[in-house]
1. Take ASP192 and decide whether it is touching a His at 6+ places or on another chain (Cβ under 7 Å) and either in the same structural domain as ARG115 (by TED's automatic domain parsing) or open to solvent by 50 Å² or more (accessible area, probe 1.4 Å) (or both).
2. Among (1) free of Cβ contacts under 8 Å to residues at least 60 places away in the same chain; (2) within 22 Å of the chain's Cα centre (by Cα), there is one condition TYR17 misses while meeting the rest; what is its number?
3. Residue under question is VAL23, and the condition is that it be within 16 Å of ligand 2 (Cβ to nearest atom), assigned to a helix (DSSP H, G or I) and either surrounded by fewer than 22 Cβ atoms within 10 Å (Cβ to Cβ) or among the aliphatic types (A, V, I, L, M) (or both); does it hold?
4. Scan the helices (runs of 4 or more DSSP H) fully inside segment 43-120 and keep the ones with 3 or more residues being over 19 Å from PRO8 (Cβ atoms).
5. Could you list, in sequence order, the residues of segment 200-209 that are away from ligand 2 (no atom under 16 Å from the Cβ) and open to solvent by less than 60 Å² (accessible area, probe 1.4 Å)?
6. Here are ILE59, ILE96: which of them is among the β-branched types (Val, Ile, Thr), closer than 28 Å to ASP300 by Cβ and within 10 Å of ligand 1 (Cβ to nearest atom)?
7. State which residue pairs qualify: first residue farther than 14 Å from GLY255 by Cβ and inside segment 273-285, second residue of a type in the set (Lys, Arg) and at pLDDT below 85 in any location, beta carbons under 7 Å apart, and separation of 6 or more residues or different chains.
8. Looking at (1) modelled with pLDDT of 85 or more; (2) acidic (Asp, Glu); (3) over 30 Å from VAL349 (Cα atoms), which is the only condition ASP192 fails?
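The values are calculated or read from the model by the stated rules, or taken from the named source; none is laboratory data. Computed from a predicted structure; not experimentally measured. Here Cβ is always computed from backbone atoms with ideal geometry, including for glycine, and neighbour counts include all displayed protein chains. Remember, those area values only see protein heavy atoms, side chains included, never the ligands or the DNA or RNA. Shrake-Rupley method; radii C 1.70, N 1.55, O 1.52, S 1.80 Å.
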Amino acid sequence: MTDRTNAPELTVVVPCYNERPNVAPMIAKLDAALAGIAWEVVYVDDDSPDGTAAEVRRIAQTDARVRCIRRVGRRGLASAVIEGALSSSAAYVAVIDGDLQHDETRLPLMLEALRTGDVDLAVASRHVEGGDNAGLANRWRHVLSDGGIWLAQKFLPVRLTDPMSGFFMLPRPLFEELAHGLNGQGFKILLDLVLSSPAPLRVREIAATFSQRVAGESKLDALVMIQFGGLLLDKICMGLLPLRFISFALVGGIGVLIHLAILGGLRQTTGLGFEIEQTIATVVAMVFNFKLNNSITYRDQRLRGPRLWRGLLLFMAFCGLGAAANIGIANTLYESHTAWTAAGAMGAVIGVVWNYAVSATLVWRSR
Ligand code: GDD
Ligand code: MN
């Protein structure tokens, strides 16, 4: 009879993008740290151009504890983690970075805490006694990190000294329970989990160091922080407005400011006449909005190469229509004796909703 009882107790989910050189060393480290525990590792790779997935599969051929999920046409740390965790049938799932920055020797301590049943979530923290933050890329990253922690603490139902941690463990059934409420965008999956739980989770923090990255490069930057702000906003709005819509509307708001600044500048320095100046300001603001939406609102389906130019043309065409609808509706309302403020606001709202609807379905459609 084949032995069917060697199911893993722990699934280690490793989101990865361009981590090829780190795969083999990471698995060796897990092997050492998790001696005596039935574990498996699931790499969730977003089709890294450096061949990370192929490297994982190469090792998987001689090690049945190693699995790979390769996602094509998608990007995103949080959604990668969700898919990896949902592929598990083990009692516990852990999430850890694939770049050797997290201290994998903390895993058994986390597991021990969860096995007692008194803890719902074990989190590696750089901010409890014994933890440290030395590996953060630069001063700017420290500011982002501290700012994010401060902001998160304001909204969190539980005390988490390191809410930005990408290294944690929880019972797999609990993850499944929370899965429906997860936002899945951006990279703050831990926050998303904590905020999605109807009852406050019982958290145990475990001190951990965060070391320097040796190979490859960090994928998280200021844009990611903006997305993080969006995640908090989404939770505050209780999911009533789609996060993408909020982001789209905020970008639109910035676009209006840019439009006015350019128009003002042109009016003072050139004598082109209002119509031409207004046209220039409109085009610049549209290109700017398109760029921002492409790198923030639709970061996970970002357009590149020829598709970028096609997207820009479509965006300008549809948003032009949206502007026409905005003006038309506002005019009609104004003429039927609606106050100018109400007429203007109505026009603007309809314009934004229209622009959002067409760009979500036609410009950044997920092919
Ligand atoms: N599948 C997938 N898709 N994986 C990704 C993606 C993606 O789009 N982006 C990043 N990853 C993987 C990386 O390959 C790495 O294994 C892990 O996610 C973390 O990404 P890094 O780019 O190394 O992030 P970091 O080192 O800047 O940030 C880490 O520290 C932060 C604390 O400041 C992460 O652990 C964060 O979660 C943590 O908040
Ligand atoms: Mn890293």
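1. no
2. Result: TYR17 fails condition (1) only.
3. On the way: within 16 Å of ligand 2 (Cβ to nearest atom): yes; assigned to a helix (DSSP H, G or I): yes; either surrounded by fewer than 22 Cβ atoms within 10 Å (Cβ to Cβ) or among the aliphatic types (A, V, I, L, M) (or both): yes.
Answer is yes for this residue.
4. Numbers: elements: 52-60, 77-86, 107-115.
Once the helices (runs of 4 or more DSSP H) in segment 43-120 are filtered for at least 3 residues that are over 19 Å from PRO8 (Cβ atoms), what remains is 52-60, 77-86.
5. LEU201, VAL203, GLU205, ILE206, ALA207
6. ILE96
7. If the second residue must be of a type in the set (Lys, Arg) and at pLDDT below 85, the pairs left are GLU277/ARG267.
8. For ASP192, the exception is condition (3).
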